[in-house]
Ligand SMILES: [Zn+2]
């Protein structure tokens, strides 16, 4: 099986650290007929270890959206505008709080040919220079 980029061990959403578990379909489907599961009562997100990497990434992001809805108290009755307005605040905070998640997405961008590794290191050089001057 190919590696799942550098999937973080956990992702912080609001006040919670959700452990990322790599489970079998069988384990996941004990509770749901979906590809992954979000278990707020256990602070866990389960993604299928048998799935191709692209699907695993999508499932991870899907389950993180459930975590955002959980934190933002969004429900099935919420409107699209509720989802966008409240979700954006929590989503932005999640991205800021989880550089490992951003790195994983950057790795996916490199694999997709959307960015060259040298462009990432150039960006890192710019950031380093900017923060050394403070
Ligand atoms: Zn779902």
Which residue, of 48, 99, is loosely packed, with under 12 Cβ neighbours inside 10 Å, at pLDDT 90 or above and at negative phi?
99
In segment 29-64, residue nearest to the ligand (Cβ to nearest atom) [restricted to those that are within 14 Å of residue 16 (Cα to Cα) and free of Cβ contacts under 8 Å to residues at least 24 places away in the same chain]
39
Report whether or not residue 80 is without any contact (Cβ under 8 Å) to a residue 12 or more places away in the chain, more than 13 Å from the ligand (Cβ to nearest atom) and within 16 Å of residue 13 (Cα to Cα).
no
Can you tell me which condition residue 115 does not meet? The list is (1) within 16 Å of the ligand (Cβ to nearest atom); (2) part of a loop (DSSP other than H, G, I, E, B), and all the others hold.
(1)
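Just to check your reading of the model, which residue among 3, 32 is modelled with pLDDT under 90, exposed (fewer than 12 other Cβ atoms within 10 Å of the Cβ) and outside any helix (DSSP H, G or I)?
Working: 32 fails: exposed (fewer than 12 other Cβ atoms within 10 Å of the Cβ).
After ruling out the rest, the residue left standing is 3.
The values are calculated or read from the model by the stated rules, or taken from the named source; none is laboratory data. In this text, all values refer to a predicted model and were calculated from it rather than measured experimentally. Don't worry about glycine lacking a Cβ; one is built from the backbone with ideal geometry, like all the others, and counts go over all protein chains shown.
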